[in-house]
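For reference, the structure discussed in these notes is given below.
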Amino acid sequence: MKKTISIAIDGPAAAGKSTVAKIIAEKMSYIYVDTGAMYRALTYKAQTNGVHLEDETALLDVLKQTTIQLEQTEAGQAVLLDGKDVTREVRSSEVTNSVSITAKHRKVREEMVARQQQMGNQGGVVMDGRDIGTHVLPNAEVKIFLLASVEERAKRRYEENLSKGFPADLEKLKEEIAQRDKLDSEREVSPLKKADDAVEIDTTSLDILGVVDKIMTVINERS
Ligand code: CDP
Ligand code: CDP
């Protein structure tokens with residue numbers, strides 16, 4: 001039987017991680033784990049319950065009493081928070097613009113990483129996030145770091161918002177993405193960083209299938 005491997009995909013906001021990770025997981029019949037959705041789900045629950053995102057102890061208490069499941073459905077990956085489908089809610093701008101606060105806390109990250117490692121411990125997984133190659137799956141056979149200019153990433157989110165009927169303001173999106181990248185890259189605990197053994201792919205002028213092809217080449221070389 002062919003050995004299954006682990007594939008880690010990291011990079012800044014709107015670099016295309018989840019889109020290509022889903023396609024690769026499908027091609028390889030692997031599970032896909034969107035770790036960003038887990039930080040988003042906790043942020044959403046804390047905001048809904050009036051828990052201050054700067055309060056690490058309170059956030060950890062909330063997390064310990066929370067189940068977050070990522071379920072594959074025909075419409076894509078659904079995010080279940082204590083059994084309730086919050087797929088749409090976790091992508092709101094309120095959550096997007098505060099999730100980096102939740103994600104900066106050491107104890108919150110330790111608990112999230114433990115859960116993510118459990119999800120990935122059998123191999124056969126494509127996991128995307130910010131610290132997958134550096135902390136969550138340090139032994140992953142394939143590590144990819146996706147990049148694109150902030151202008152291109154803002155444009156991608158702008159078009160995505162328009163296609164979903166959400167309001168979109170290109171300049172505002174650009175500022176929000178730049179601010180989130182800054183918080184994620186400069187935090188003390190597991191900042192957004194390319195793992196030394198990751199393959200960097202600049203996707204600024206690549207379409208989705210172009211990125212998928214490049215990653216499949218790396219996978220075929222390493223497995
Ligand atoms: O989809 P997008 O790139 O906009 O974000 P995401 O992957 O859903 O992640 C949302 C936020 O969660 C990031 O901006 C990080 O603050 C945090 N995150 C993290 O710290 N570590 C991860 N492994 C994944 C996400
Ligand atoms: O997961 P992450 O935040 O890194 O990005 P994403 O949600 O996968 O991609 C953001 C948007 O960019 C989506 O609408 C993708 O279809 C689009 N995209 C693109 O236009 N070209 C690429 N090479 C990759 C993604």
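Read-outs: derived from the displayed coordinates by stated rules, not from any lab. Note that the coordinates shown come from a computational prediction; the quantities given were computed from them, not determined experimentally. Reconstructed Cβ throughout: ideal geometry from the backbone, glycine too, with neighbour counts over all protein chains shown.
Placing a pseudo-label 7 Å from each Cα along the Cα-to-Cβ vector at Leu147 and Glu160 gives an inter-label distance of 2.0 nm. With a Förster radius of 22 Å applied to the beta-carbon distance between Glu110 and Glu26, the computed FRET efficiency rounds to 0.10. Annotation for segment 184-223 versus segment 16-81: alpha-carbon center distance of 21 Å.
Share of antiparallel DSSP beta bridges in the chain, in percent to the nearest 5?
30 percent
Among 176-188, 125-137, how do they line up from the highest to the lowest mean number of other beta-carbon atoms within 10 Å? Write out the running numbers ahead of the final one.
Working: 176-188: 15.7, 125-137: 26.6.
For the peptides 176-188, 125-137, the packing ranking is 125-137, 176-188.
Here the peptides 9-21, 81-93, 147-159, 38-50 are ranked by packing, the mean other Cβ count within 10 Å, and the order with the highest first is 9-21, 38-50, 147-159, 81-93.
Measuring against 22 Å, Cα to Cα, the residue pairs Lys22/Lys164; Lys104/Lys214; Lys17/Lys174; Lys64/Lys104 contain Lys104/Lys214 as the ones spanning a longer distance. The slack in the chain from Lys172 to Thr66, taken as 0.36 nm per residue of separation less the alpha-carbon distance, amounts to 34.9 nm. Computed over the alpha-carbon pairs of the chain, the distance histogram in 10 Å steps reads 8, 34, 39, 17, 2, 0 percent, short to long. Say we join alpha carbon atoms closer than 10 Å with springs in a Gaussian network model of the chain; which of Ile24, Ile101, Ile208 then has the biggest fluctuation? Result: Ile208 has the largest fluctuation of those listed. Go ahead and run the numbers for FRET between Ser93 and Asp213, Cβ-Cβ distance against an R0 of 30 Å, rounding to 0.05. With R0 = 30 Å, the Cβ-Cβ based efficiency is 0.40.
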